[in-house]
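Input: a single structure, listed below in structure tokens.
The values are calculated or read from the model by the stated rules, or taken from the named source; none is laboratory data. Values in this document were obtained by computation on a predicted structure and should not be read as measured data. Neighbour counts run over all protein chains shown; Cβ positions are idealised from the backbone, glycine included. Ligands, DNA and RNA are stripped out before the accessible areas are found, and what is left, the full protein with its side chains, is counted by its heavy atoms. Shrake-Rupley method; radii C 1.70, N 1.55, O 1.52, S 1.80 Å.
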Amino acid sequence: MAKLLLGAVGGVFVLWLFTLLPGVGRSIPGTAVSIALVLRAVATILAAGLLVYAAFGVATLVATSVDRSREFAGHVASIAFWLVALAAVLVTHWGLAPLAAIVFDGFAWVYDTVFLLLALGPLVVIAARIYAAIDPAAGLFADKLAGERKHDS
């Protein structure tokens, strides 16, 4: 996964450098779209795909890092997964926005509404998992405090 991540970051960097070349920012004849916008869209899709792929690895890493309680670890891993998924939605919205403004012309609100609806799903899951994790987290916190008080006596 590290090689894929580094390769994707390197690829996005090279695409960004390409957008700095002379003439790349000019519109393609007959359209209002530039090569730079197309490259930004491609880089955005690659970055979002990488984030979705990485979400599974992040969730696994978080779940194995939290060794106190299986229930708590499950909640925290899910929160981490959905945070990365939400980041993918937000990155995609940001990266495709200039191209969408051209494509949707006067209806950019449709583009924003679609991404708002896409972002609400992960946000609702994150909120639900945070709520569900409060009780196990409080128990772990209380156990930790009780353990420290025993050692202080």
At 1.306 mPa s and 10 °C, Stokes diffusion of the range 1-150 via Kirkwood alpha-carbon radius, µm² per second: 88 µm²/s
Full-stretch length increase - residue 56, residue 105 - with 0.36 nm per residue and alpha-carbon distance subtracted: 14.0 nm
Peptides ranked, highest mean first, by Cβ atoms within 10 Å: ranges 75-81, 59-65: 75-81, 59-65
The chain: DSSP helices with Cα axial extent of at least 27 Å and average Kyte-Doolittle hydropathy no lower than 1.0: 35-65, 70-104
Structure-based [θ]222 nm, the chain - -39500 (n - 2.57) summed over DSSP H runs of at least 4, per residue, nearest 500: -30500 deg cm²/dmol
Mean-position separation - Cα centroids, the range 112-151 and the range 62-88, in angstrom: 9 Å
The chain - percent of accessible surface contributed by carbon and sulfur, probe 1.4 Å: 74 percent
